[in-house]
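This report concerns only the one structure given below.
A short reminder: the numbers here are calculations on the coordinates, not readings from a lab. Being a predicted model, the structure only gives us computed values, none of them experimental. Backbone-built Cβ (ideal geometry, glycine too); neighbour counts: all protein chains shown.
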Amino acid sequence: MKTLILHGWGGSDDPHWQAWLAGELAKGYGTVAFPLLDNPHFPSKNRWMRQIKTLLAEFNPDVVVCHSLACIVWFHLCHEESIAPIKRLLLVAPPRLDCELEILKSFFPVTIPKSLWAEEALLVTSDNDPYMGVEEALTLQQGLGITMKQLCGAGHINTHAGYGAWSWAKEWVEQ
């Protein structure tokens, strides 16, 4: 099983759960790619999309794990219909589809894609994420037509919210 882990705005350096997950998968002799996307603190949608398309074509993952802004890039890639289908997709803590942060303006707005190009997909949100409210998460989940796991009090599901080691994510990827 080949797993591609895509971080959000600013990256997901240790002790973020994505860095932990990459290490755990590698320790178990899993095939994992956890690249640093171009200029993560001042990202460009076009550069990230080019980089991720190249990664998808060259690495050919079975599983893709997206956090935050990477979820939005995945939606843009889905709209282009230029990516190969994958087996499983984990979307964790996506921001609102109309996020208005000036530094991220090239990524927004985005619409809900008709297909996620994945045989199985799961959306994980939090009931107190500052970047997406509960109602917005429900609307996204319904629009995508996938299962949603909503965590209580998990913030943006990042290091700041206490998500370093996250055994649930490892179990999901390895199932």
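Points to keep in mind about this one:
- Cα centroid of the stretch 101-175 to Cα centroid of the stretch 20-88, whole Å: 15
- Taking amide H as placed 1.01 Å from N in the peptide plane, the amide H of residue 44 sits under 5 Å from none that are at least 5 places away or on another chain.
- Radius of gyration (Cα atoms) of the stretch 88-174, expressed as a multiple of 2.2 N^0.38 Å: 1.10.
- Amide H contacts under 5 Å for residue 154, placed H, 5+ residues apart: 127, 128
- Computed magnitude of the charge dipole of the chain (debye, nearest 20; Cβ of K, R +1, Cβ of D, E -1): 340
- Neighbour net charge for residue 17 - beta-carbon separation under 12 angstrom, K R +1, D E -1: -2
- Set of aspartates and glutamates near residue 2 by C-alpha distance (under 16 Å), chain-local residues within fewer than 8 positions excluded: 24, 58, 62, 119, 120, 171, 174
- Ordered by the count of other Cβ atoms within 10 Å of each Cβ, fewest first, 107, 34, 59 give 59, 34, 107.
- From largest to smallest, the equivalent ellipsoid semi-axes obtained for the chain from the alpha-carbon gyration tensor read 21, 19, 17 Å.
- Whole-Hz couplings from phi, Karplus 6.51/-1.76/1.60, listed for the stretch 157-162; x for Gly and Pro: 6, 9, 4, 4, 8, x
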